[in-house]
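*Asks:* Could you have a look at this structure, given as structure tokens, before my questions?
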Amino acid sequence: MKIISRYLSFVIPLSAMLLSYTMYLTLYKVVENYKNSIINDYAIVVVSQETVEEKAIDKLDIGMRSFKLLDKDIIIENLKEGLNENSVKLLNKELPNFYQLKLIDYPSSKTLETIKRKLKTVSAIIEVEVFAKDHNQQYFMFLMLYDIINIFFFVIVLFSFLTLLKHIKIWFYENENRIYIMQLHGASLLYCSKPIITTALLSAIYSSIIAIIAIWYILNNLSIFISDELLNYNYIKVEFNSDYFSIFVLSFLISIVTVLMVIIKQKYEK
Amino acid sequence: MIIEAINLELSYDKKKAIIQNTSFAIKKRDFIFISGTSGSGKSTILNSLYGDIKPLAGQLMVKNIDMENIKQSQLMNLRKDMGIVFQDYKLIKEKTVEENIMLPLQINGYTEELCDSQATKLLEHVRLGQARYAYPDQLSGGEQQRVSVARALAHNPSIILADEPTGNLDDYSASVIWNLLKGANQQLDITVIVVTHRIPVNFNINFRHFNIDEGKLYENY
């Protein structure tokens with residue numbers, strides 16, 4: 001019974017931490033997927049009197065995905081309403097070139113400013129429109145989401161870590177006499193701590209298994225956890241392939257680091 | 001010399017010395033009794049021999065190791081070559097009799113088979129074969145002390161330190177313990193140092209007797 005409660009005191013905080021880690025990963029991936037999906041719809045418009053070569057933009061190293069000249073006829077088609085034939089002809093003659101510039105990654109507001117500045121160094125370019133207001137609103141939302149996810153993850157890790165730390169300290173307190181007797185016979189503190197180290201390692205394995213089963217269940221039963229409306233969006237669907245390994249690593253790291261910290265503290269206290 | 005003290009001073013609080021300016025030397029295979037009144041510092045001397053307290057002044061050498069400047073790893077190795085018996089037995093109550101006896105063997109890195117065979121031998125030696133899987137709480141005081149002696153003998157140490165080993169025992173149990181310690185000294189050539197306020201009568205082997213008086217150790221001839 002004592003052994004079971006010792007294992008539970010490790011497995012519960014570790015599992016809570018790993019589940020919060022998977023939530024952190026899931027939200028992070030959803031946000032990344034969402035960023036990738038909206039980057040397809042986001043474009044900078046570059047205006048020039050002369051032709052601008054794609055190579056010239058590529059040289060600027062701004063993370064360009066595509067650079068395309070917009071069809072003048074389509075632009076004029078949108079503008080010609082209410083204009084007479086002469087005005088349309090004049091417009092056709094005077095209208096500068098409009099280019100659509102798409103980026104590989106969704107840029108930060110600062111990056112966007114840098115891109116705008118770099119584009120303006122090309123002499124042929126007379127105007128750059130980055131649609132900063134719309135962009136900044138969306139980027140602020142991402143930043144806020146990231147911050148909330150990070151704070152949430154940090155708080156859970158901190159609480160799990162403190163809970164583990166407390167349980168390990170209690171174990172040392174409970175086993176004070178046993179450790180003293182073993183040390184009288186020449187055992188090192190590390191040797192005396194074998195049971196708690198074994199508990200930490202096995203609990204790390206059990207907690208990882210619990211977390212992985214939970215992820216597997218959630219991913220295969222998304223409709224239980226997410227509304228049908230959201231399920232229609234592709235960015236909601238995330239994959240965890242290589243992250244299972246990181247769950248194992250995190251679990252082992254936290255449990256071993258916590259135990260070693262207490263052992264080192266005990267050593268220097270004596 | 002297996003143990004040598006020169007002008008040794010010992011204290012628990014690093015202020016007032018309980019043992020003052022004491023010199024003594026102990027050879028291999030000596031059987032030593034240290035006696036004195038309560039609070040005279042008998043146990044303090046024993047504690048200094050297994051490194052629980054460091055000398056306040058003077059020099060204490062145990063197996064050629066200076067106990068004042070001993071490193072933690074050296075102390076662990078020194079203790080691995082010692083057997084310690086206490087008045088309150090200091091058995092691990094969560095472990096069986098067999099596991100308690102195996103403890104120094106496991107710490108010394110013996111294989112499981114060796115631990116097992118040595119435990120069997122010692123349990124027979126201290127006549128506790130039937131209590132192999134019992135827990136200390138299920139044994140009488142005399143039996144617990146026999147387990148404690150068996151544990152001290154398990155890894156065939158060079159030195160056995162015993163602090164009032166018969167202090168809580170009846171006369172019969174005490175005589176069993178004295179016989180076990182005598183056997184360790186005579187048959188296994190182990191140096192035995194016993195702190196006691198009551199030296200057994202008819203102790204029919206050669207032994208040396210030290211007495212503590214006013215913080216100094218004197219040998220009685």
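Every number here is computed from the coordinates shown, using simple stated rules; none is lab data. Everything numeric in this text was worked out from a predicted model, so none of it was measured. We place every Cβ from the backbone using ideal geometry, glycine too, and count neighbours over all the protein chains shown.
*Asks:* In peptide A:184-193, how many Cβ atoms from other protein chains are near each Cβ within 10 Å, on average?
*Replies:* On the way: counts 12, 19, 14, 8, 4, 2, 0, 3, 1, 0.
That average works out to 6.
*Asks:* Enumerate the calculated ³J(HN,Hα) couplings along the range A:78-90 in order (Karplus 6.51 cos²θ - 1.76 cosθ + 1.60, θ = phi - 60°), each rounded to whole Hz, writing x wherever the residue is Gly or Pro.
*Replies:* 6, 9, 6, 4, x, 9, 7, 4, 5, 4, 5, 5, 4
*Asks:* Label-point separation (nm) for B:Glu112 and A:Ile126, each offset 7 Å from Cα along Cα-to-Cβ?
*Replies:* Modelled inter-label distance: 8.8 nm.
*Asks:* Return the single residue from A:Leu219, A:Leu95, A:Leu162 with maximal mean-square fluctuation; model: Gaussian network over chain A, springs between Cα atoms under 10 Å.
*Replies:* In this elastic network of chain A, the residue with the biggest mean-square fluctuation among A:Leu219, A:Leu95, A:Leu162 is A:Leu95.
*Asks:* Would you kindly calculate the translational diffusion coefficient of chain A, applying Stokes-Einstein with the Kirkwood radius from alpha carbon pairs, for 37 °C and a viscosity of 0.692 mPa s, and quote it in µm² s⁻¹ without decimals? Show your work: numbers first, answer last.
*Replies:* Values: Rh = 23.7 Å.
Diffusion coefficient, whole number: 138 µm²/s.
*Asks:* I've got another one for you. Given the rule -39500 (n - 2.57) for each run of at least 4 DSSP H residues, summed and divided by the residues of chain A, what is its mean residue ellipticity at 222 nm, to the nearest 500 deg cm²/dmol?
*Replies:* Dividing the helical sum by the residues of chain A leaves -23500 deg cm²/dmol.
*Asks:* Once the convex hull of the C-alpha atoms of the range A:43-130 is built, how many Å³ does it hold per residue, rounded to a whole number?
*Replies:* Details: hull volume 8.2 nm³, N = 88.
Per residue, the Cα convex hull of the range A:43-130 comes to 93 Å³.
*Asks:* Ok, one more. Taking 8 Å as the Cα distance limit and 6 or more residues as the minimum spacing, I'd like the relative contact order of chain A as a percentage.
*Replies:* Dividing the mean separation by the residue count of chain A yields 31 percent.
*Asks:* Excluding B:Val126 itself, what net charge comes from residues whose Cβ is under 13 Å from its Cβ, given Lys and Arg +1 and Asp and Glu -1?
*Replies:* Once positives and negatives cancel, what remains is +2.
*Asks:* Excluding B:Asp137 itself, what net charge comes from residues whose Cβ is under 12 Å from its Cβ, given Lys and Arg +1 and Asp and Glu -1?
*Replies:* 0
*Asks:* Relative contact order for the range A:38-127: what percent, with Cα pairs under 8 Å and sequence separation of 6 or more? Let's see the in-between values first.
*Replies:* On the way: 103 pairs, mean separation 46.8, N = 90.
Dividing the mean separation by the residue count of the range A:38-127 yields 52 percent.
*Asks:* Further, regarding this structure: Under a crude label model (7 Å from the Cα following the beta-carbon direction), how far is A:Lys110 from A:Leu90 in nanometres?
*Replies:* Result: 4.7 nm between the two label points.
*Asks:* Next question. Run through all the Cα pairs of the range B:125-211 and give the fraction in each 10 Å bin from 0, expressed as whole percent.
*Replies:* 16, 52, 29, 4, 0
*Asks:* Turning to a different aspect of this structure: Could you sort out which of B:Lys80/B:Lys216; A:Lys2/A:Lys29; A:Lys80/A:Lys110; A:Lys169/B:Lys54; A:Lys267/B:Lys121; B:Lys93/B:Lys216 sit more than 31 Å apart by Cα distance in this structure?
*Replies:* Going by Cα-Cα distance, A:Lys2/A:Lys29; A:Lys80/A:Lys110; A:Lys267/B:Lys121; B:Lys93/B:Lys216 fall outside the 31 Å limit.
*Asks:* Another question about this same structure. Using a 10 Å cut-off on Cβ to Cβ distances, tally the other chain neighbours for every residue of B:141-154 and report the average as a whole number.
*Replies:* On the way: counts 0, 0, 0, 0, 0, 0, 0, 0, 0, 0, 2, 1, 0, 1.
Taking all residues of B:141-154 together, the mean is 0.
*Asks:* Rounded to two decimals, what is Rg over Rh for the protein assembly as shown when you use alpha-carbon atoms and the Kirkwood radius?
*Replies:* 1.33
*Asks:* Which of A:His185, A:His167, A:His135 moves the most in a Gaussian network model of chain A with Cα springs under 10 Å?
*Replies:* A:His185
*Asks:* Would you mind estimating how fast the range A:184-264 diffuses translationally, via Stokes-Einstein at 25 °C and 0.890 mPa s with the Kirkwood radius over Cα pairs, in µm²/s?
*Replies:* On the way: Rh = 15.4 Å.
Diffusion coefficient, whole number: 159 µm²/s.
*Asks:* Also: Counting GluC sites (Glu not before Pro) as exposed when in a DSSP loop with at most 16 other beta carbons within 10 Å, what is the longest stretch of chain A free of them?
*Replies:* Value returned for the longest uninterrupted segment is A:82-238.
*Asks:* Using a cut-off of 15 Å between beta-carbons, work out the net charge of the residues near B:Thr37 (Lys and Arg +1, Asp and Glu -1, B:Thr37 not included).
*Replies:* The answer is 0.
*Asks:* Express in whole angstrom the spacing between the alpha-carbon centres of the range B:88-133 and the range B:1-29.
*Replies:* 33 Å
*Asks:* How large is Rg over Rh for chain B, taking Rg from the Cα atoms and Rh as the Kirkwood inverse mean of 1/r across Cα pairs? Could you put the intermediate results ahead of the total?
*Replies:* Details: Rg = 17.1 Å, Rh = 17.8 Å.
Result: Rg/Rh = 0.96.
*Asks:* By counting other Cβ atoms within 10 Å of each Cβ, how are A:Phe245, B:Phe203, A:Phe98 ranked from fewest to most?
*Replies:* Going from sparsest to densest Cβ surroundings: A:Phe245, B:Phe203, A:Phe98.
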